[in-house]
Amino acid sequence: MSVAIVLVTHPGIATAMRDRASEILGTPLDAIRIAELDSGTADPRENLAERLSTWNDGDGVLVMTDLPGATPCNQARRASPPGSCVVSGLNMPMLIRAWNYRDRPLDELRRLVVEGGRAAIVEPD
């Protein structure tokens, strides 16, 4: 088993990122779960909490959101059950790193994902 990876973003972002990561890696990433919501979504928290619990196969759930403080992030934080963690500021290096290291324990995976996301923010010469 491995940690479940869930992308909770504004509409269209999670699907596009998963599809591009799949193209980059050359393999389907169907195991990455997606929940796309915005401020107009009618009370998504209960549905999201149920889905997050269902997606946890016992190794935990890493939830990655797009914008810190925005609706998807806030709803993910409120809906995340024990055995999950939320990381915000999703970028492509974070997603690819999460996929490549999904067999690591949740705390280690969270650390690797955050480090990878930060390291990928550079100013080109």
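Where a number appears in this text, it was derived from the coordinates with a stated rule and is not lab data. Every value quoted in this text rests on a predicted model; they were computed, and no experiment measured them. Cβ sites come from the backbone with ideal geometry, for glycine too, and all protein chains shown count toward neighbours.
The table below lists the values:
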quantity	calculated
Residues with amide H under 5 Å from that of L7, placed H, sequence gap 5 or more	R33, I34, A35, M64
Charge sum, other residues only, whose C-beta stays under 9 Å from H10's C-beta, Lys/Arg counted +1 and Asp/Glu -1	-3
Region 4-117: relative contact order as a whole-number percent, Cα under 8 Å and 6+ apart	28 percent
Shape category assigned to region 71-125 from the gyration tensor of Cα positions, a/c cut at 1.5	oblate
Helical segments meeting 15 Å axial Cα length and Kyte-Doolittle -1.0 threshold in the chain (DSSP H)	13-25, 106-119
222 nm mean residue ellipticity, helices alone, for the chain (DSSP H n ≥ 4; -39,500 (n - 2.57); rounded to 500)	-14000 deg cm²/dmol
Among (1) 0.99; (2) 1.12; (3) 1.05, the entry derived from the coordinates for Cα Rg over 2.2 N^0.38 Å	(1)
